[in-house]
Amino acid sequence: MKLTHRRGGSLLSGLTAGMAATALVFGLATSAGAAQLPSTARAGVKPAPTVSAPKVKPGRDIPPIFYFGTINSFGQNAEHERITRAALACAPGTGPGAAGTCFQPGSLRQLAGANGTTGAIGAPDMDETLTEAAHCDGADYLNAAGYPRTRAQATSVLLTCIAHLKGQFNHGVDRAAALVNTAGTVSSSDTDLSSDCTFVLGVAGRGKCNAIEGFGRALHGTQDFYSHSNWADQSDSRSALGINNPPGLARTGAAPFLRMDAAAPSASDIPGDLTTGCFSLNPWGCGKRITHGVLNKDNGIINAATGEATSPTTPRGQVAGNFNAAVQAAIADTRSQWTGFRSTLIARYGTARGERMACAITQDNPVRDCR
């Protein structure tokens, strides 16, 4: 579920995708430096156009622009945006309330993206495309004689991913301090949404933008985990198990070891048969390992209002409802992570100030509505 350009296509496709990502970062900016994206129907109002995914060749990768997507191009259908909207948008006729339980449209735009901006959720696909830990790649393992990675090596990579995402999550909590001062007053300048936030290349901005960025970067990685791993999926019963058809764990719901507000997990918390996919720009870099192209469930159509996931375009996603299973787990995880973020704000800053910070992040006019 990335804007990434991984596995399964020609080098030319990968370079094209990489050029697109670079263009999004440099120069194609509109308000407040937001990246300009292709104009398409968004937010589940109309279905996104179906785009064929690149063909998969086991063991081969193209750059990361073909994951759970953040744009409506290159085989993606803004999957990250749609998952985030399905999880966190306020239901019609409801609002975030003083506790900030859901996101109003303008604030959700900054987190999830929309036409004209990738949002915080898309930032890792702009400036961390090749950062393995940002997308939970490379934690591959198969319980078979001769597999070139041990369980301990795979677990170590996954724990590094979780630590990286926790760092982003905590960065967002730290930056939320600017939203509400110790007297409980909401900052008008730090919560202003008259222009879009900038979320790439370490550019600091308003307090609300900075808090949302930390949370969004963490969400990107946790959502990717469900697409890039076998946590929620099943193997293809028509083929023998192996590196081109790894076993699936068929778990439902959020993975407990991914909780950003909890203590760091240990190796014993990771299931023995859990795997994510290997990625390498070198066509031979993954050797005889489970690759991202074999395992990912990145692309398909997601209804941003209901979370319904259909029309998968990757081979693993087309097996046994795997794409929908990955999306539903990612939606459940996203809701859990926002609950954890709110709880962490309260634990760090106290109940009154922490709740007001959560309100300020989710309300479009927090100076008026977060009192």
(request) Output the residue which, of all residues in the stretch 281-292 that are in contact with a helix residue (DSSP H, G or I) (Cβ under 9 Å, 6 or more places away or on another chain) and open to solvent by less than 10 Å² (accessible area, probe 1.4 Å), is farthest from PRO315 (Cα to Cα). (result) CYS286
(message) If VAL203 meets every condition in (1) over 21 Å from PHE341 (Cα atoms); (2) touching a Ser or Thr at 6+ places or on another chain (Cβ under 9 Å) apart from one, which number is that one?
(response) (2)
(request) Identify the residue in the stretch 198-228 that is open to solvent by 10 Å² or more (accessible area, probe 1.4 Å) and at pLDDT 95 or above and, among all such residues, is farthest from PRO366 (Cα to Cα). (result) ARG217
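Take ALA250 and decide whether it is at pLDDT 95 or above and open to solvent by less than 10 Å² (accessible area, probe 1.4 Å). Let's see the steps before the verdict.
Working: at pLDDT 95 or above: yes; open to solvent by less than 10 Å² (accessible area, probe 1.4 Å): no.
So ALA250 does not fit the description; no.
Please determine whether any residue of the stretch 293-301 is open to solvent by less than 40 Å² (accessible area, probe 1.4 Å), among the basic types (Lys, Arg), within 16 Å of the chain's Cα centre (by Cα) and under 27 Å from THR339 (Cα atoms). First the steps, then the outcome.
Of all residues in the stretch 293-301, those open to solvent by less than 40 Å² (accessible area, probe 1.4 Å) come to 293-301.
Now drop any that are not among the basic types (Lys, Arg), which leaves 297.
Those still in the list that are within 16 Å of the chain's Cα centre (by Cα) too: 297.
Remaining after also requiring under 27 Å from THR339 (Cα atoms): 297.
Yes.
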(request) State which residue is surrounded by the most Cβ atoms within 10 Å (Cβ to Cβ) when the search covers only the stretch 303-340 and only residues that are touching an Asp or Glu at 6+ places or on another chain (Cβ under 7 Å) and not in a loop (DSSP other than H, G, I, E, B). (result) ALA326
(request) Quickly run through the stretch 253-272 and pick out the residues that are surrounded by fewer than 18 Cβ atoms within 10 Å (Cβ to Cβ) and of a type in the set (A, V, I, L, M). (result) ALA262, ALA263, ALA264, ALA267
(request) Considering only residues that are in contact with a strand residue (DSSP E or B) (Cβ under 8 Å, 6 or more places away or on another chain), in a loop (DSSP other than H, G, I, E, B) and not small (Gly, Ala, Ser), look in the stretch 266-302 and name the one that is nearest to GLU132 (Cα to Cα). (result) PHE279
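Taking the stated definitions as given, is THR155 in contact with a helix residue (DSSP H, G or I) (Cβ under 6 Å, 6 or more places away or on another chain), under 30 Å from ALA267 (Cβ atoms) and either surrounded by fewer than 16 Cβ atoms within 10 Å (Cβ to Cβ) or hydroxyl-bearing (Ser, Thr, Tyr) (or both)?
Details: in contact with a helix residue (DSSP H, G or I) (Cβ under 6 Å, 6 or more places away or on another chain): yes; under 30 Å from ALA267 (Cβ atoms): yes; either surrounded by fewer than 16 Cβ atoms within 10 Å (Cβ to Cβ) or hydroxyl-bearing (Ser, Thr, Tyr) (or both): yes.
Judged against the criteria, THR155 is a match.
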(message) Looking at the stretch 218-247, I want the residues that are within 13 Å of GLY317 (Cα to Cα) and aliphatic (A, V, I, L, M) and have a partner that is open to solvent by 10 Å² or more (accessible area, probe 1.4 Å) and assigned to a helix (DSSP H, G or I) with Cβ atoms under 6 Å, at least 6 apart or on another chain. Which pairs are those?
(response) ALA232/ALA325
(request) Could you tell me which of the residues VAL180, VAL186, VAL173 is among the β-branched types (Val, Ile, Thr) and in contact with a Pro (Cβ under 7 Å, 6 or more places away or on another chain)? (result) VAL186
(message) Looking at the stretch 171-192, can you tell me whether even one residue there is out of contact with any Ser or Thr (no Cβ under 8 Å at 6 or more places or on another chain), over 18 Å from ALA98 (Cα atoms) and buried (at least 23 other Cβ atoms within 10 Å of the Cβ)?
(response) yes
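Counting only residues that are part of a loop (DSSP other than H, G, I, E, B) and in contact with a Gly (Cβ under 7 Å, 6 or more places away or on another chain), how many does the stretch 90-128 have? Don't jump to the end; show me each part of the working.
Looking only at the stretch 90-128, we keep the residues that are part of a loop (DSSP other than H, G, I, E, B), and these are 90-102, 104, 113, 115-116, 118-119, 123, 128.
Retained after the next criterion (residues that are in contact with a Gly (Cβ under 7 Å, 6 or more places away or on another chain)): 104, 113, 119, 123.
Qualifying residue count for the region: 4.
Those residues that are more than 30 Å from ALA177 (Cβ to Cβ), assigned to a helix (DSSP H, G or I) and aromatic (Phe, Trp, Tyr), I need them from the stretch 213-247; list them, please. If you could, list the steps in order and put the result at the bottom.
Restricting attention to the stretch 213-247, the residues satisfying the condition of being more than 30 Å from ALA177 (Cβ to Cβ) are 226-247.
Still in the list and also assigned to a helix (DSSP H, G or I): 226-228.
Answer for the stretch 213-247, where residues must be more than 30 Å from ALA177 (Cβ to Cβ), assigned to a helix (DSSP H, G or I) and aromatic (Phe, Trp, Tyr): just TYR226.
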(message) As an exercise: evaluate ALA87 against (1) open to solvent by 10 Å² or more (accessible area, probe 1.4 Å); (2) under 16 Å from TRP338 (Cβ atoms); (3) in a loop (DSSP other than H, G, I, E, B) and give the number of the one condition it does not meet.
(response) (3)
(request) Output the residue which, of all residues in the stretch 187-212 that are of a type in the set (A, V, I, L, M, F, W, C) and outside any loop (DSSP other than H, G, I, E, B), is farthest from LYS166 (Cα to Cα). (result) CYS209
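The values are calculated or read from the model by the stated rules, or taken from the named source; none is laboratory data. As the structure is a computational prediction, the values presented were derived from the model and not from experiment. Positions of Cβ are backbone-derived with ideal geometry, glycine not excepted, and every protein chain shown enters the neighbour counts. Protein only, heavy atoms only, side chains kept; ligands, DNA and RNA dropped before computing areas. Shrake-Rupley method; radii C 1.70, N 1.55, O 1.52, S 1.80 Å.
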